[in-house]
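Just below is one structure, and these are the notes that go with it.
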Amino acid sequence: MSFLAIGLNHKTAPVEIREKLSFPAETIQDALHHFISNTLVSEASILSTCNRTEIYCNINIDDNDDDSTHSIEKNVNSIVIDWIKNYLNLADDNIEQYLYIHQDKLAIVHMLRVASGLDSMVLGEPQILGQMKTAFHTAKDTGTIGQLLHKLFQHTFNCAKQVRTDTAIGESAVSVAFASVSLAKQVFSDFNRHTALLIGAGETIELVALHLKEVGIKQIIIANRTIEKAHTIASDVNGYAIGLDEIPDHLAEADIVISSTASPVTLVDKSIVEQAIAKRKQRPMLMVDIAVPRDIDERINEIDDVFLYTVDDLTDIINEGLKSRQEAAVKAEDIIETQAVHFMSWIKSLKSINTLCRFREQAEHIRDVAIEEAIKDLNNHQPAEEVIKKLATQLTNKIIHTPSIQIKQAGMDDREDIIKAACTIFKLN
């Protein structure tokens, strides 16, 4: 077997590449079914967010077949990359230059770092852990999570929890949502005179709404395809909800527009912004598009009095809040390395499972035979004390019989390694 983590993120690919390789939530189950149809892949999960797309999988490799292992490991990367390109219709795109590939321990370390927020745009941000849990449950519901990936995800979640508990990685209030509001504060100083239009109803928009309320925004409008979800967020911040089709009617009211949806198509095009700016009599408007694929037409940058930013533009703002987390990250890396070693040790222990099972079965057979004989002796009215002594003697002799013969033979064959192994296994001085 071989663990593999392959993907791209905000560090390796610009937004126009990341949106090409994104998997909308409603397509992930189909994608997983399609991926697992590759006979080499036994388990898989897909994580797709605005800042990263990653596939975690377990490849079937016979650890006892060196030739097979070498051949599969040599081709496994191209197998996954070819599947990504074919499934997403990217056959003509040179996406390899943007991808990173981690295998086995490095894949495990990568997953632990991602879940702990050490690989995020905002160091230590907590949202990614929830997104990884969603990816896990989606794959589990799809039937593409087996014993090994299940164990790895649980180990990953526990490690992330330990990092949160034992370090100060999450103490600073820094996130993509917070950075969006910080950007707005740089443009508009007096929030209690301004209105914000938030597009979407996910966790990011919910956090943005809460941050805006905390800094005293005058009015918040939540726009979403499902208006009930928008209303749920709006009611918590004393705002009101509208449908996506109502955005053109309310856009002129907004001084600040922040969008984060999973829509595969543009929601705010250039023409409706031009109309809104005309109604606003050229009063400036800040637009922050933190969605991948993008929700807001990039041509809006051409309009005077409109300032459009994407997730990539938030980097400088986010970096201002990183200093207090960087020392914590050093300690977190130590925790992750330790936990990765522990998990690899568990993986290696699986190789001994079959041997342990056979050893236990053999011992239990010896026990059952001895018990059966002891019961017969008791039924024949032999003294219980004699039966117990006989049972103990038989069990001792039968259990140590074969190891004793093998150790003796090892001595005759000058196999010091076997004798040392016996001393280790039986804890002999």
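Tabulated results
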quantity: Criterion (within 30 Å of PHE157 (Cβ to Cβ), touching a strand residue (DSSP E or B) at 6+ places or on another chain (Cβ under 8 Å) and not in a strand (DSSP E or B)) met by exactly one of ALA291, ALA332, ALA276, ALA328; calculated: ALA291
quantity: Matching residues in the range 253-272 - criterion: being crowded, with 19+ Cβ neighbours inside 10 Å and more than 17 Å from ALA209 (Cβ to Cβ); calculated: ALA262, LEU267, VAL268
quantity: Criterion: hydroxyl-bearing (Ser, Thr, Tyr) and more than 20 Å from GLU206 (Cα to Cα) - qualifying residue of THR266, THR261; calculated: THR266
quantity: The range 1-58, subset among the aliphatic types (A, V, I, L, M) and in a loop (DSSP other than H, G, I, E, B), residue farthest from PHE136 (Cα to Cα); calculated: ALA13
quantity: Top-ranked residue of the range 120-156 - restricted to ones that are part of a helix (DSSP H, G or I) and β-branched (Val, Ile, Thr), ranked as surrounded by the fewest Cβ atoms within 10 Å (Cβ to Cβ); calculated: THR134
quantity: Test: residue in the range 243-250 that is under 20 Å from VAL292 (Cβ atoms), in the same structural domain as MET287 (by TED's automatic domain parsing) and under 29 Å from the mean Cα position of the chain (by Cα); calculated: no
quantity: Positions within the range 300-310 being surrounded by 13 or more Cβ atoms within 10 Å (Cβ to Cβ), assigned to a helix (DSSP H, G or I) and either on the phi > 0 side of the Ramachandran plot or touching a Lys or Arg at 6+ places or on another chain (Cβ under 9 Å) (or both), in sequence order; calculated: ILE300
quantity: Residues of the range 182-200 that turn out to be closer than 22 Å to HIS231 by Cα, in contact with a Phe, Trp or Tyr (Cβ under 9 Å, 6 or more places away or on another chain) and part of a helix (DSSP H, G or I), as a count; calculated: 0
quantity: Residue check for GLY216: out of contact with any Phe, Trp or Tyr (no Cβ under 6 Å at 6 or more places or on another chain), assigned to a loop (DSSP other than H, G, I, E, B) and of a type outside the set (Asp, Glu); calculated: no
quantity: Evaluation of ARG299 against (1) outside the structural domain of ALA168 (by TED's automatic domain parsing); (2) of a type in the set (Lys, Arg); (3) closer than 16 Å to ALA115 by Cα (one fails), failing number; calculated: (3)
quantity: Test result for ALA223, touching a strand residue (DSSP E or B) at 6+ places or on another chain (Cβ under 8 Å), closer than 19 Å to LEU314 by Cβ and free of Cβ contacts under 8 Å to residues at least 40 places away in the same chain; calculated: no
quantity: Looking only at the range 311-325, and only at residues there that are surrounded by 14 or more Cβ atoms within 10 Å (Cβ to Cβ) and assigned to a loop (DSSP other than H, G, I, E, B), the one that is nearest to the chain's Cα centre (by Cα); calculated: LEU322
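The values are calculated or read from the model by the stated rules, or taken from the named source; none is laboratory data. Predicted model, so just to flag it, every value in this text is computed and none were measured. Note that each Cβ is placed from the backbone with ideal geometry, even for glycine, and that neighbours are counted across all protein chains shown.
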